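Working notes, beginning with the structure itself.
The values are calculated or read from the model by the stated rules, or taken from the named source; none is laboratory data. Being a predicted model, the structure only gives us computed values, none of them experimental. Neighbour counts run over all protein chains shown; Cβ positions are idealised from the backbone, glycine included.
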Amino acid sequence: MMPSNPDKPKINPRQMVKDGRERDLYEMICATGYIPDEGNFSDFCQSLLSGFALLATGNPGSGKTVFSDALFEACNLDYYTVTGRDELRQEELLCSWDTREQEFFMQQARPLIEARPENERLQTLSMCREQRWTREFLILGEVAAAYQRAGENRFPTLLRLDEVDKFGAAIEDALLSPLAAGRIYVERLAEGFVGCTEAEFLPIVISTSNDSRHELSLPFRDRHLHTYFATPSLAKELEILLARCPEIQAANLSQALKLLDAIRSVAGLSHYPSVRTAIQLARAFERDKVVELTEQNVSVYFTYFAKNRRDAEYLKKQLPYLLSCVGTFHAEIDGLLAERDAEWAKHWSRQRGLVDFFLSEKLSDAPAADSSLFEESQNIFQNDFSLSPATM
């Protein structure tokens with residue numbers, strides 16, 4: 001568990017949405033550097049209002065896990081997290097009895113029992129045995145602790161169940177009760193269960209799945225609302241990169257995005273770069289002060305987006321195409337950057353002026369002899385689309 005910061009106020013996102021302050025919550029999350037997709041955020045708000053957990057699916061690196069991290073940072077909630085893996089045990093999520101402490105308690109109690117009058121010993125022994133099964137001797141797992149703390153503090157906690165497709169059927173079944181009613185029933189516990197029974201204070205649960213291991217059961221899915229984290233548009237991806245890398249140069253962003261956009265257009269790869277890859281690559285370009293990508297230096301960065309030997313060898317054969325895409329003006333990427341960067345806008349306007357000139361009606365009315373001028377100008381135009389700082 002990652003506790004909330006005691007020096008900062010806790011914020012209840014569920015109450016914010018109930019009060020009609022969804023936009024304020026959205027902006028708070030954006031302020032952390034994470035830019036949620038509008039559709040995913042809308043689904044999240046519905047989960048807050050309904051009290052249901054949110055099941056976020058999508059390809060690795062699409063932002064599912066980071067969403068809950070951003071919510072933790074924005075709202076300062078107590079944060080519990082479990083990651084699916086082989087041999088994950090139920091007690092790590094729910095609870096188990098501390099048998100050593102129970103045995104130690106009985107060892108300590110036996111002399112006291114013997115010291116009691118003979119007619120009281122049996123009753124005292126029975127009371128001690130019952131006391132073994134109280135909350136004091138119960139070890140709570142992450143899920144049970146999240147629900148119990150929410151109930152005790154009367155304030156929502158944040159619980160992330162990461163990669164639930166690796167949990168397995170038994171654990172999925174064990175989670176049905178807390179996800180549905182906030183209760184974890186415990187055998188022999190005097191109170192019967194631990195958890196949170198008041199809907200307004202239930203933990204905010206976000207489950208993530210890459211759908212890579214096995215199909216989640218229908219009852220488990222029914223305890224969630226669903227949202228799909230799709231690969232964002234180039235405009236959205238650029239917005240995310242600008243938020244994550246606020247000091248990065250426009251040239252580095254342009255090169256990184258155009259390179260990844262070109263890779264995504266190559267058919268036959270086993271793995272395509274995600275938003276996470278874009279952030280990593282943009283930061284690497286900024287760190288290394290990359291001025292221009294060439295056949296000599298681009299191989300250094302293959303490790304970021306080629307996830308196996310086959311993809312790496314295949315992409316090396318596509319280098320001429322990839323580099324031509326990086327060195328060619330991209331209306332969407334460079335246009336969006338121009339809206340945010342004055343120098344980039346100046347450079348972009350110069351390129352756009354060339355386009356407007358050569359595609360004007362006046363040029364189409366020129367004598368046929370001038371066609372060579374048009375072809376030559378096109379070549380200059382293409383060569384002048386190198387968008388490295390050296391050309392600005």
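Applying a threshold of 6 Å to beta carbon distances and a minimum spacing of six or more residues, or different chains, the list of pairs starting in region 39-53 at a residue that is within 21 Å of Cys196 (Cβ to Cβ) and in contact (Cβ under 8 Å) with a residue 12 or more places away in the chain and ending at one that is assigned to a helix (DSSP H, G or I) and of a type in the set (Lys, Arg) reads Leu48/Arg14. Among residues that are at pLDDT 90 or above and within 30 Å of Ala331 (Cβ to Cβ), Lys258 is included. Applying the condition of being of a type in the set (Phe, Trp, Tyr) and under 22 Å from Ala199 (Cα atoms) to region 54-86 and asking which residue is surrounded by the fewest Cβ atoms within 10 Å (Cβ to Cβ) yields Phe72. Filtering region 7-44 to residues that are assigned to a helix (DSSP H, G or I), of a type in the set (A, V, I, L, M, F, W, C) and either surrounded by fewer than 18 Cβ atoms within 10 Å (Cβ to Cβ) or in contact with a Phe, Trp or Tyr (Cβ under 7 Å, 6 or more places away or on another chain) (or both) leaves Cys30, Phe41. In region 226-320, counting only helices (runs of 4 or more DSSP H) that sit wholly within it, the ones holding 1 or more residues that are more than 24 Å from the chain's Cα centre (by Cα) and over 18 Å from Gly63 (Cβ atoms) span 250-264, 309-317. Here are some conditions: (1) at pLDDT 95 or above; (2) loosely packed, with under 14 Cβ neighbours inside 10 Å. Arg89 meets all but one. Which one does it not meet? All conditions are met except number (1). Pairs are defined by a Cβ separation below 9 Å, a sequence spacing of at least 6 or placement on different chains, a first member in region 2-22 that is in contact (Cβ under 8 Å) with a residue 24 or more places away in the chain, and a second member that is exposed (fewer than 14 other Cβ atoms within 10 Å of the Cβ) and among the hydrophobic types (A, V, I, L, M, F, W, C); the pairs so defined are Arg14/Leu49; Val17/Leu49; Lys18/Leu49. Taking Ser47 as the residue in question, decide whether it is part of a loop (DSSP other than H, G, I, E, B), hydroxyl-bearing (Ser, Thr, Tyr), more than 30 Å from Arg129 (Cα to Cα) and in contact with a strand residue (DSSP E or B) (Cβ under 7 Å, 6 or more places away or on another chain). No. Looking only at residues of region 225-267 that are touching a strand residue (DSSP E or B) at 6+ places or on another chain (Cβ under 8 Å) and of a type in the set (A, V, I, L, M, F, W, C), we find that the one that is farthest from Glu292 (Cα to Cα) is Leu225. Checking the stated criteria, Ala181 turns out not to satisfy the condition of being in contact (Cβ under 8 Å) with a residue 60 or more places away in the chain, among the small types (Gly, Ala, Ser) and over 30 Å from Pro60 (Cβ atoms). Within region 183-212, the only residue that satisfies the criterion of being under 19 Å from the mean Cα position of the chain (by Cα) and among the charged types (D, E, K, R) is Asp211.
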